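The values are calculated or read from the model by the stated rules, or taken from the named source; none is laboratory data. Remember, predicted model here, so these are calculated numbers, not experimental data. Cβ sites come from the backbone with ideal geometry, for glycine too, and all protein chains shown count toward neighbours. Just so you know, the surface numbers come from the protein's heavy atoms only, side chains and all, with ligands and any DNA or RNA stripped out. Shrake-Rupley method; radii C 1.70, N 1.55, O 1.52, S 1.80 Å.
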Amino acid sequence: MSDGKRKCRILKEIRRRIAEANDIRLVTEECSYKGSCRGTCPRCEAEVRYLEGQLHDRRLSGRAVAIAGVSAGMLLMGGGSHAYSRNVPMEDITVENEPMASQVATDTVEENNHIFGMVDMQSPSMPGGDVAIFKFIKENIVYPEEAVKAGIEGRVVVKVLVEEDGTVSNAVVVRSKHPALDREALRVVSLIPFTPGMCDGKPVASWFTMPITFRLPKTPGNE
Amino acid sequence: MSECKAKIAAVARHRLMIDGDGVTTLVVFHACPLRCRYCLNPYTLGDGSSFRDYTPESLYEEVKIDGLYFVATGGGVTFGGGEPCLRPEFISRFREICGREWKLNLETSLNVPVGNVRTLLPVVDTLIVDVKDMNPAIYREYTGRDNDRVIENLQLIADEGRQGDCVIRLPLIPGLNSDASRVAGRARLQKMGFTRFDEFTYIVRKRRAE
């Protein structure tokens, strides 16, 4: 995936979370543009303006608006040449979910020649939201010693099935890097004290997908 | 509207995991007191005549398009360059305009008058400080300037108790410093109370023959 496409995907996820946190009905389609991209386009910018308008209306109607920190921690910086270093450098921990509930009927509205779908769904989470999830992972993940010794680093994608009561009933590796890294990613994500996903106000079993990048600190000679 | 203006070489949106937490916009100021051998942005060192003049107000009008991302992700604006600490009044006025929700970060060498840093400390959240090397001889060899002001400003930051808001970049510069000098520099900074470091290595690519 190009850097622009990756950036677009992350910004889209941020917009989705802002909408979700404020009960704004917003579903955007996967971008089908095939050319190079800087991470934003007129359609993406229009979604931001739409959200701003909705949040403004929400304030005017006296309802609480949640923006600050809605996606805080989503962009965790890695070590090496980046500005922040930590014992287990991680980057790009994003949250995706694939709800198992039957599809909810959708309505569409047209606004400024852009079509936004409407659904009413919430991802599995934990008390404190995404910030708490990232903090939990940071505090509990342990870089496997055999991987450190072998100089193994890379990205693992795992998904866990979060039941209606918040328990994890299944955990699978979606994308493997190395058995030791895979095991650690599965272990720590399975420990997250989830609140279940919701659909139309009811708890539902749903998958929670998380990529975790393990990166070793850079030292001279292994740049 | 304020009277202060600054030449800005570039405004780069949607920076992710590069110069601060969250989604940031990088504002690249013209002008720098240093002449580093391997400067990352040498185009900021010229006369600046091709760069646009901004006031703090006009800059805010341009960057506020991403305000929603800033607040949602704990991001904001990172001032770099060039040397952003040459513009303390500009950045202070910008803080007045944008409020406290946005994070304001500085990417700086700290090789500026102490008064500039004293003005900036109350209005910025994070300082990413590239000290090059703490050895004065190596520093002068690499940048063409002494590092007395750098040490003075680091001490000011320590006296203000803001070490936790600083990330000190300690590069390994091929042909100029060594891991030993970097280790010694880090130890000296740790004694001053700095705890956050970013160690990395310059990769110098040779230019092709014309």
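A few notes on this one:
- The C-alpha atoms of chain B define a longest principal axis, and helix B:88-98 lies at about 40 degrees to it.
- Residues with amide H under 5 Å from that of A:LEU26, placed H, sequence gap 5 or more: A:VAL119
- Over all other residues within a Cβ to Cβ distance under 15 Å of A:ALA64, the charged ones net out to 0, with Lys and Arg as +1 and Asp and Glu as -1.
- Computed over neighbours whose Cβ is under 15 Å from that of B:ASP53, the net charge equals -1, Lys and Arg +1, Asp and Glu -1.
- Amide H contacts under 5 Å for A:GLU164, placed H, 5+ residues apart: A:ALA205
- Rough spin-label spacing in nm, given labels placed 7 Å along Cα→Cβ, for B:CYS39 and B:LEU156: 2.2
- Unit Cα scatterers, Debye sum, region B:1-149: log10 I(q)/I(0) for q = 0.17 Å⁻¹: -0.95
- From phi via Karplus (6.51, -1.76, 1.60), per-residue ³J(HN,Hα) for region B:139-146 in Hz, x at Gly/Pro: 4, 5, 4, 7, 10, x, 10, 7
- Under-5 Å amide H pairs with B:LEU127, H placed in peptide plane, nonlocal only: B:LEU106, B:CYS166, B:VAL167
- Once the mean of 1/r is taken over each pair of separate Cα atoms and inverted, region B:110-198 shows a Kirkwood hydrodynamic radius of 13.2 Å.
- Across peptide A:3-14, the mean count of Cβ atoms from other chains lying within 10 Å of each residue's own Cβ comes to 2.
- Full-stretch length increase - B:MET192, B:GLU101 - with 0.36 nm per residue and alpha-carbon distance subtracted: 29.8 nm
- Estimated inter-spin distance, A:ARG59 and A:ASP165, nm [label 7 Å along Cα→Cβ]: 4.4
- Looking at region B:1-99 alone, DSSP beta bridges between its own residues are antiparallel in about 60 percent of cases.
- In the A-B interface, the accessible area buried, summed over both sides, Å² (probe 1.4 Å): 2700
- Near-label residues of region B:111-155 by backbone N, under 15 Å of a point 7 Å along Cα→Cβ of B:ALA180: B:135, B:138
- The string of couplings for region A:170-183 from the Karplus curve (6.51, -1.76, 1.60, θ = phi - 60°) is 7, 8, 9, 8, 8, 9, 8, 10, 7, x, 5, 5, 4, 4 Hz, one whole number per residue in order, with x for Gly and Pro.
- Per-residue ³J(HN,Hα) for region A:140-146, Karplus 6.51 cos²θ - 1.76 cosθ + 1.60, θ = phi - 60°, Hz, x for Gly and Pro: 10, 6, 10, 5, x, 4, 5
- Among beta bridges from DSSP that stay inside chain B, the antiparallel ones total about 30%.
- The length gained on full extension between A:ALA68 and A:VAL173, counted as 0.36 nm times the residue separation minus their Cα-Cα distance, comes to 34.6 nm.
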